[in-house]
Amino acid sequence: MDMVLKEDIINLTDFARNTKLHTVELAASGRPRILTQNGKAAAVVLSPEAFERLSQDAMEYRLNERLREAVERHLAGERGVPAKEAMATLREEIAARRKSRK
C-alpha cells in the first residue's frame, strides 16, 4: 500500500465536498487518504478492501509473533501444560462464564 503524498493528502473540507469522487478514487487506487485539518493530519480513510488487507496483515503478523515466541519457549525447554490440566482449566473458565451470565 504505497502512498503518493501529492495525491493522498487532502484537506477535510475537500473530502467532505467531493466525498463521492474520493471514495471512487480510494477503491480504484487501494491507497489510503490522509485528511488534514488546519494543515495537520486529522484522519486516515481507507477503502473497505484496503482495510481488510491491512487487518489480515496485522492478524497474520500477530499470529506469527505468537508462534515465534512459542517456538523459542519450546527450544528453551518450556514444554507447556499437560493436556488434562489445560482442559480442566478451560472447563473451569467456561463454567465461570456461564455462571456470570445468569
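Just so it is clear, none of the values below were taken in a lab; they were calculated from the coordinates. Owing to the predicted nature of the structure, the values given are computational and were not obtained by experimental measurement. Methodologically, a virtual Cβ is constructed for each residue, glycine included, from the backbone with ideal geometry; neighbour enumeration extends over all protein chains shown.
Tabulated data for the structure shown
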read-out: Long-range lysine pairs (8 or more apart or interchain), the chain, Cα under 29 Å; value: 5
read-out: Farthest positive-ward along the chain dipole, Cα basis, beta-carbon charges - from PRO82, THR13, ALA27; value: PRO82
read-out: Rounded to 10°, Cα long-axis angle of helix 19-29 versus longest principal axis of the chain; value: 60
read-out: Linear extension gain, GLU92 paired with ILE9, 0.36 nm per residue minus alpha-carbon span; value: 24.7 nm
read-out: Whether the range 36-102 is rounded, prolate or oblate, judged on the alpha carbon gyration tensor where a/c under 1.5 counts as rounded; value: oblate
read-out: Sites ARG73 and GLU49, calculated FRET efficiency, Cβ-Cβ separation with R0 41 Å, nearest 0.05; value: 0.65
read-out: Protection proxy ranking of 17-23, 74-80 - average other beta-carbon atoms within 10 Å, highest first; value: 17-23, 74-80
